[in-house]
Amino acid sequence: MIAIGCDHGGYELKKEIIAHLKNRGIEVKDFGCDSNESCDYPVYANAVAEEVSAGNCELGILICGTGIGMSMVANKVKGIRAAHCTDCFSARATKEHNNANVLCLGARITGSGLALMLVDEFIDTPFSEDERHIRRINMFS
Ligand code: RB5
């Protein structure tokens with residue numbers, strides 16, 4: 001199960017990502033927002049991050065205009081390793097090396113075609129389980 005949330009800047013892209021995930025047979029829990037009307041990204045970042053932190057959802061996806069505000073908020077929640085990604089290498093590496101559990105996207109930066117690739121890369125790449133990566137994650141967890 002994947003938790004997903006956005007602000008007004010990410011609303012249209014969120015709809016495309018949800019359709020893509022459902023198409024892949026992946027269950028999605030949507031934490032809003034539900035329109036293009038201006039709203040506050042910390043509300044949705046916190047809701048998704050808390051859900052992942054509590055273990056109710058394995059991974060989270062957050063979308064705002066830049067992806068930056070969402071990642072700042074999510075990373076303040078205990079147990080969250082949120083990665084703002086704009087390229088496939090980073091979306092893969094942040095799972096392999098950082099065991100990231102929240103992907104943050106910027107709808108005003110990343111087009112939907114690339115965004116769906118980043119989502120797939122993030123979901124399909126496992127954590128390496130390498131001792132050195134576990135050690136480094138434990139140094140900031
Ligand atoms: C909203 O205008 C914008 O500030 C927000 O979507 C996001 O980019 C914040 O980091």
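The values are calculated or read from the model by the stated rules, or taken from the named source; none is laboratory data. Not measured: the values here are computed from a predicted model. Cβ: placed from backbone, ideal geometry, glycine included. Neighbour counts: every protein chain shown.
Some points to look at:
- Checked against the criteria, Ser53 counts as surrounded by 14 or more Cβ atoms within 10 Å (Cβ to Cβ), of a type in the set (S, T, N, Q) and more than 16 Å from the ligand (Cβ to nearest atom).
- Enumeration of residues in region 68-91 that are surrounded by 17 or more Cβ atoms within 10 Å (Cβ to Cβ) and among the charged types (D, E, K, R): Arg81
- Only one entry in Ile4, Ile17, Ile61, Ile26 is surrounded by 14 or more Cβ atoms within 10 Å (Cβ to Cβ), modelled with pLDDT of 95 or more and part of a loop (DSSP other than H, G, I, E, B), namely Ile26.
- The residues in region 92-118 that are surrounded by 18 or more Cβ atoms within 10 Å (Cβ to Cβ), part of a loop (DSSP other than H, G, I, E, B), within 15 Å of the ligand (Cβ to nearest atom) and among the hydrophobic types (A, V, I, L, M, F, W, C) can be counted, and the count is 1.
- First in region 78-93 and of a type in the set (Val, Ile, Thr), second anywhere and buried (at least 17 other Cβ atoms within 10 Å of the Cβ), Cβ under 6 Å, 6 or more apart: Ile80/Ala49; Ile80/Ser53; Ile80/Ala74; Ile80/Val102; Thr86/Thr110
- Within region 18-50, restricting attention to residues that are hydrophobic (A, V, I, L, M, F, W, C) and out of contact with any Gly (no Cβ under 9 Å at 6 or more places or on another chain), the residue that is farthest from the ligand (Cβ to nearest atom) is Ile26.
- Condition met for Ile80 (within 16 Å of the ligand (Cβ to nearest atom), in contact with a helix residue (DSSP H, G or I) (Cβ under 7 Å, 6 or more places away or on another chain) and not in a helix (DSSP H, G or I)): no
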